[in-house]
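**Student:** I am attaching a structure below and will ask some questions about it afterwards.
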Amino acid sequence: MFNPSKIFNSTDWLLLGSAVFISLAGILTMKSFLPEGLGGEVDRFFYRQIVWLIVAVLVFICASNIDWRFMRRTGVLVSVFLFSLFILVVLLGVAPIKGARSWFDLGLFAFQPVDFIKLVLVFILAKYFGRRHIEIANVRHILVSGMYSMILFLLIILQPDFGSAIIIFLIWLGMILVSGVSKKHLFAVIAGGTIAFCFLWFFVFADYQKARITSFINPLADLHGAGYNANQSMIAVGSGQLFGKGIGMGSQSKLKFLPEYETDFIFAAFGEEWGFIGFLVLFGLYGVLFWRIFEISKKGSSNFEALFGMGLGIILFSHFVIHTGMNIGLLPVTGITMPLMSYGGSHLLAEFLGLGILVGMSNYSRAVHKDTIKNEMVGMV
């Protein structure tokens, strides 16, 4: 039976509030007050994203009132993982959108499954490492967990979606680090990958392939080509100065000097309109968000809940750092969205779903029996 008071009491309002205000900051950045014909037509992003935010908040509320302990069942996770692989394989046969086979075109909107598959990988790794807490130092756990991640990584690279593939790698690497595996074994695996790349660079890659990689790493070396977007982004960030140009008045973004300002470069567009003061407020909101995620994770009733929360934090933090870095010219442009802020329904729904799952796990954690926790920590899949 519907119980409003239960929903109110079960919601982490600091977590939800910070997420909603971050999304509203992105929505306001999509609003234009420039004259029609110069920037007014871009308001379609503004109105659509409002609808997506409302739906996302409803998804959060529903997810936070579900007992997610069923996701610890091996059969459930295997089925979800295999379904995810099936979806990624099917995507390779669809018509490309913006040069990549990453979306299902459903007419009214396009759906990007990889945003939800990131959560699936976090569930898989949380289950895997949570059941091997005692014997985690064994090198085979790096290799087996890496196999799960590598399958997803390769299918996403084939789309091609290099940005999402990087996030998949960072999810695996981050959860490896927080799970307590042997750092010597991890270093050996990374060293092996570095040696393999060096071999490919000197003996396999053609000159044009090396040029593409070099251009990707240092796009500013070609300001009229690969470095154009990065250069315009830095101009937008710098032009905001202390207080910004005002909401909807960003000339770099609204006059289209900065391409994809509503997605890949929303941080730069925000900085142009809100300035350095706006950045301080935005970083404060993200600080509250990450603090709540990791606080809830620390209070997880089992390794599974704690590792899921850490994995969710890794997803959002990786997006935040990479997006910010590429907007200020410190990292290559990879097409990674700003979490909760960039335009798009798929990533917004997935992010609010992940936050809702985390709160739901916290709400039902007291119902986990101590014997179940003990068996989870020492048992085997």
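**Student:** When the Cα centres of segment 318-345 and segment 257-294 are compared, how far apart do they sit, in Å?
**Tutor:** If you average the Cα positions of each part, the centres end up 10 Å apart.
**Student:** Between residue 299 and residue 157, what FRET efficiency comes out of the Förster formula 1/(1 + (r/R0)^6) with R0 = 45 Å and r the beta carbon distance, rounded to 0.05?
**Tutor:** So, using R0 = 45 Å, E works out to roughly 0.80.
**Student:** Another one. Efficiency by 1/(1 + (r/R0)^6): what FRET value for residue 143 and residue 83, r their Cβ-Cβ distance, R0 = 22 Å, to the nearest 0.05?
**Tutor:** Values: r = 24 Å, r/R0 = 1.10.
E(calc), rounded to 0.05, equals 0.35.
**Student:** Another question, then. Per residue and in cubic angstrom, what volume does the convex hull of the Cα atoms of segment 294-367 have?
**Tutor:** For segment 294-367, the hull spanned by Cα atoms encloses 91 Å³ per residue.
**Student:** Based on the mean of other Cβ atoms within 10 Å per residue, sort peptides 260-271, 114-125 so the most packed one is first. Each step should come with its number before you reach the end.
**Tutor:** Numbers: 260-271: 25.9, 114-125: 23.1.
Going by the mean number of other Cβ atoms within 10 Å, highest first, we get 260-271, 114-125.
**Student:** For a quick protection proxy, order the peptides 59-67, 318-326 by their average other-Cβ count within 10 Å, most packed first.
**Tutor:** 318-326, 59-67
**Student:** Also, I was wondering about something else. Among 288, 90, which comes first, then next, by fewest other beta-carbon atoms within 10 Å?
**Tutor:** 90, 288
**Student:** Assuming 0.36 nm per residue, please report the length gained on full extension of the stretch residue 66 to residue 276 beyond their Cα-Cα distance.
**Tutor:** Net length gain for the segment: 71.6 nm.
**Student:** I've got another one for you. Between segment 346-364 and segment 67-121, what is the separation of their alpha carbon centroids in Å?
**Tutor:** If we compute the Cα centre of each part, the gap is 17 Å.
**Student:** Hey, can you rank 279-287, 161-169, 302-310 by average C-beta count inside 10 Å, highest first?
**Tutor:** Ranking the peptides 279-287, 161-169, 302-310 by packing returns 302-310, 161-169, 279-287.
Every number here is computed from the coordinates shown, using simple stated rules; none is lab data. Bear in mind that the values here come from a model prediction, so they are computed numbers and not experimental data. For neighbour counting, all protein chains shown are included, and Cβ atoms are generated from backbone atoms with ideal geometry for every residue, glycine included.
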